[in-house]
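In what follows, a structure is listed as structure tokens, so that the remarks can point back to it.
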Amino acid sequence: MNILGIEFRKFVVVGAGGTGSYLLPMLVRYLNSVNDGSIDLTICDGDKYDEGNMNRQEFAHSRMGRNKADVQVEMYQRKFPELSITAVSEYLGVDNIENVIQDRTVVFCCVDNHFCRNIISKHCQKLDNALLISGGNEEFDGNVQAFCRLNGVNMNNPIEVRHPEIERTQDGDRSEMSCEELAQLPSGGQIIFTNATSANIMCNLFFGYVCGSKDIEKVDDIFFDIRIAKTARIVNGSIE
């Protein structure tokens, strides 16, 4: 797939929960429609589906208690057998990120912690070519950013430059946490409509890069608030 003159073949979705489980139906169907046999999709998540996920995450009730990445891969591999889809059934961390995200990868970051956002951004800055689409949200509002690097040159600022709180985070590395520590992490405070909005905007922003839309790399952030049905683009620091 050509993105701003560079051929990308690998796609990685990090997080298959609230946002990721609504991004995947759109992304997988689109990738299947343009697949020439060389596109590869990886879904990465170390978490398992539980009863608390039923109100806002897309998965079959019969898959309760199973790893989220495994469940999503099984579902979409059945629907689209010609598309290469692989599960990484562990959290993305400093020890495995190089194996998951390589050069010429489009990364969809759908996680709910800044630590993972930060290490993904830092890793993408080391690659010659990478496109990172990162989405996050609270209960009713959220924002989506893109970072693009082509031929060793940053096309725009990394996401932590625009959002310093990502780099200053005290979040722990989930890939190194015990089961007891993971169980204490907050998982509430979000609703299905906000997750779905974040997923839609992430796909819209990605497609803008695929289309080579004019000055797409100058879009710093896209903010949204579902309570007032408002979306705003931040382009070169100015609100549109």
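Suppose only helical runs count, i.e. DSSP H with n ≥ 4. What mean residue ellipticity at 222 nm does that imply for the chain under -39500 (n - 2.57) per run, divided by all residues and rounded to the nearest 500 deg cm²/dmol?
Mean residue ellipticity, 222 nm, calculated: -9000 deg cm²/dmol.
Quick query: amide H of Ile3 versus all other amide H atoms, modeled in the peptide plane; which residues come in under 5 Å with a sequence gap of 5 or more or a different chain?
For Ile3, whose amide H was placed from the backbone, the distant partners under 5 Å are Phe8.
Which whole-Hz couplings ³J(HN,Hα) result when phi for each residue of the range 36-42 is put into the Karplus expression 6.51 cos²θ - 1.76 cosθ + 1.60, θ = phi - 60°, listed in order with x for Gly and Pro?
After applying 6.51 cos²θ - 1.76 cosθ + 1.60, I find 10, x, 10, 7, 10, 10, 10 Hz.
Fewest to most neighbouring Cβ within 10 Å: what's the order for Thr194, Thr86?
Values: Thr194 23, Thr86 14.
With the fewest neighbours first, Thr194, Thr86 line up as Thr86, Thr194.
Counting other beta carbons within 10 Å of each residue's own, what order do Ser121, Ser89 fall into, fewest first?
Lowest count first: Ser89, Ser121.
Which of Glu138, Glu90 comes first, and how do the rest follow, when ranked by fewest Cβ neighbours within 10 Å? Intermediate results must be reported in sequence, preceding the final value.
Numbers: Glu138 12, Glu90 17.
So the residues, fewest neighbours to most, are Glu138, Glu90.
Nearest 5 percent is fine: what portion of the DSSP beta bridges confined to the chain is antiparallel?
Bridges in the chain are about 55 percent antiparallel.
Relative contact order for the chain: what is it in percent, counting Cα pairs under 8 Å that are at least 6 residues apart?
21
Counting only residues 5 or more places away or on other chains, whose amide H sits under 5 Å from the amide H of Asp221 once H atoms are built in the peptide plane?
Answer set, sorted by chain and number: Ile234.
Computed from the coordinates by the stated procedures, all read-outs in this text should not be read as laboratory data. The structure displayed is predicted, hence computed values, not measured ones. Positions of Cβ are generated from backbone atoms using ideal geometry, with glycine treated the same way; all protein chains shown enter the neighbour counts.
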